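Read the figures in this text as sums done on the coordinates, not as results from a lab. Computed from a predicted model, the values in this text were never measured in an experiment. Heads up, the Cβs are rebuilt from the backbone with ideal geometry, glycines too, and the neighbour counts pull from every protein chain shown.
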Amino acid sequence: MNEDIKVNCAIFQKQEPVIKNIAEKINSVKDVQEKANLAEEMQKEVEVFFSCTDYDKNNIDCESCRFIANLRKKTAELIIKAKRLTE
């Protein structure tokens, strides 16, 4: 993910480092089960973005946040599907 992403939102500023940390852990582990567990944790953290009560579809920061959240969600889903393929 691009290091220069700037979203003017307190929720994003609080959640994104948490999610980024989980993503780094996913990238560092080799075990598929452990990756999937971390991906499930990521999904829970990403849900904070989707449940934001301040969301405004006309606000560029909100749109950027949702775009990033969707990418994170899809990444987590792919990792979880990969785990199912190894079972």
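Quick rundown of the values:
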quantity: Listed candidates (i) 1.05; (ii) 1.46; (iii) 1.13 - label of the one calculated as Cα Rg over 2.2 N^0.38 Å; calculated: (iii)
quantity: Residues of type aspartates and glutamates that LYS83 reaches as a straight line, Cα spacing below 17 Å, ignoring anything fewer than 8 places off in the same chain; calculated: ASP31, GLU34, GLU40, GLU41
quantity: Coil-residue trypsin sites (Lys or Arg not before Pro) of region 1-86, DSSP, other Cβ within 10 Å capped at 12; calculated: LYS6, LYS30, LYS57
quantity: Pairs from LYS44/LYS74; LYS35/LYS57; LYS14/LYS73; LYS14/LYS81; LYS20/LYS57 whose Cα-Cα separation, in the structure shown, is over 21 Å; calculated: LYS35/LYS57; LYS14/LYS81; LYS20/LYS57
